[in-house]
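Read through the structure below, which is laid out as structure tokens, and then see the notes.
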Amino acid sequence: MKNNILIISGHTDTKTDSVANKRVLSMLEERMPEARIVYLDRLYPDFEIDAAAEQAKLLWADTIVLQFPVFWFSVPSIMHCWMEQTWLHGFSHGSTGDKLRGKKLILSYTTGAPAEAMNFEDFFQFIRAACGFCGMEYAGSVHTGGVSYQMRQDPQLLAEIEQKATAHAEKLIALLQEQA
Ligand SMILES: Cc1cc2nc3c(=O)[nH]c(=O)nc-3n(C[C@H](O)[C@H](O)[C@H](O)COP(=O)(O)O)c2cc1C
């Protein structure tokens with residue numbers, strides 16, 4: 001069965017200010033070359049989302065992955081902006097808005113706080129609600145905690161971030177392969 005995979009990266013600076021998300025995304029590029037990756041920070045540094053172009057990518061996709069660092073217990077603002085400007089009435093919802101129906105949605109996110117510090121899934125109830133509202137199937141999440149900024153200063157801790165991100169990418173790839 002075909003499974004077109006669309007990965008939306010919501011990191012605000014994947015070129016110079018990311019370790020964990022950058023590693024996850026580069027592993028996906030290498031291991032899943034057939035997947036399409038959208039770097040919102042590179043395409044839309046001014047937040048001027050091209051709704052038609054983004055909707056075309058969504059139409060192509062069977063599985064959509066939201067890849068992001070948690071910012072203030074939520075998705076980064078550029079990712080929220082992308083949702084607001086592409087999941088539009090008549091496209092994703094409303095009496096004629098059925099274009100996301102039947103697609104799968106996966107969350108893939110990293111946090112500075114350790115994974116056991118709190119239940120991060122609680123914060124993403126709004127995404128699961130939006131997913132159900134648009135007729136999509138929530139297909140699960142991959143979360144890696146304890147990849148904070150200050151760890152980057154220490155070479156050993158930096159290596160720990162890289163290892164955690166590698167393990168994260170492996171889990172995400174396995175979850176994506178299960179969707180086929
Ligand atoms: C503006 C901002 C807000 C953040 N808010 C949170 C937060 O609410 N909870 C948390 O655990 N980490 C928070 N962090 C830490 C990031 O989630 C963490 O640095 C990121 O996941 C690391 O990924 P990266 O190496 O790809 O940048 C925040 C970081 C920034 C810059």
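The values are calculated or read from the model by the stated rules, or taken from the named source; none is laboratory data. Owing to the predicted nature of the structure, the values given are computational and were not obtained by experimental measurement. Counting neighbours? That spans all protein chains shown, and the Cβs are built from the backbone with ideal geometry, glycine included. SASA here: full protein model, heavy atoms, side chains in, ligands and nucleic acids out. Shrake-Rupley method; radii C 1.70, N 1.55, O 1.52, S 1.80 Å.
Quick one: ranking Y44, Y149 by accessible area, 1.4 Å probe, largest first, what do you get? Spell out each step's value before the answer.
Working: Y44 15, Y149 115 Å².
Reading off the accessible areas and sorting them downward yields Y149, Y44.
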Practice problem: Kindly provide the trypsin sites (Lys or Arg not before Pro) of the stretch 1-51 that DSSP labels as loop, not H, G, I, E or B, and whose Cβ sees at most 14 other Cβ atoms within 10 Å. | Solution: K2, K15
Exercise. Report the label-to-label distance for W72 and F123 in nanometres (one decimal), using points 7 Å from each Cα along the Cα→Cβ vector.
Key: 1.2 nm
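Quick one: accessible area per residue over the stretch 35-169, 1.4 Å probe, rounded to a whole number of Å²? Don't skip to the end; give the middle numbers.
Details: 6320 Å² over 135 residues.
Value for the stretch 35-169: 47 Å² per residue.
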Quiz prompt | Under 5 Å, built H, 5+ apart or other chain: amide partners of I37 | solution = I7
Practice problem: Using DSSP, restrict attention to beta bridges with both residues in the chain and report what percent are antiparallel, rounded to the nearest 5. | Solution: 5 percent
Practice problem: For the chain, with a Gaussian network of springs between Cα atoms less than 10 Å apart, report the residue from A61, A35, A117 with the top mean-square fluctuation. | Solution: A117
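Considering only protein heavy atoms and a probe of 1.4 Å, how much of the accessible area of the stretch 47-161 is carbon and sulfur, as a whole percent? Could you put the intermediate results ahead of the total?
Details: 3050 of 5360 Å².
With neighbouring chains kept in place, the figure for the stretch 47-161 is 57 percent.
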Self-check item: Reachable aspartates and glutamates from K15, criterion Cα separation under 14 angstrom, eight or more residues apart if same chain
Solution: D41
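Under the rule of -39500 (n - 2.57) per DSSP H run of 4 or more residues, summed and divided by the residues of the chain, what mean residue ellipticity at 222 nm is obtained, to the nearest 500 deg cm²/dmol? Show your work: numbers first, answer last.
Details: 6 runs with 69 residues, N = 180.
For the chain, the value works out to -12000 deg cm²/dmol.
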Practice problem: Step through the table entries K57/K164; K22/K57; K2/K171; K22/K104, compare each Cα-Cα distance with 27 Å, and write down the pairs that go over it. | Solution: K57/K164
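How far, in nm, would the chain grow between D46 and N4 when pulled straight, counting 0.36 nm per residue and subtracting the alpha carbon separation? The partial results should precede the final answer.
Numbers: separation 42, 0.36 × 42 = 15.12 nm, distance 2.80 nm.
Full extension of this stretch gives 12.3 nm more.
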Exercise. Would you kindly find the accessible area of E116, with a 1.4 Å probe and non-protein molecules such as ligands, DNA and RNA excluded, rounding to the nearest 10 Å²?
Key: 150 Å²
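Report, to two decimal places, the Cα Rg of the stretch 1-148 normalised by 2.2 N^0.38 Å (N = number of residues). Mind showing how you got there, number by number?
Values: Rg = 14.7 Å, N = 148, 2.2 N^0.38 = 14.7 Å.
The stretch 1-148 yields a ratio of 1.00.
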Exercise. With all protein chains present, calculate the accessible area of R152 using a 1.4 Å probe and round the result to the nearest 10 Å².
Key: 60 Å²
Quiz item: Where is the GNM fluctuation largest for the chain (alpha-carbon springs, 10 angstrom cutoff): G145, G94, G102?
Solution: G94
Quiz item: For G140, which sequence-distant residues (separation of 5 or more, or a different chain) have an amide H within less than 5 Å of its own amide H, given hydrogens modelled in the peptide plane?
Solution: L107
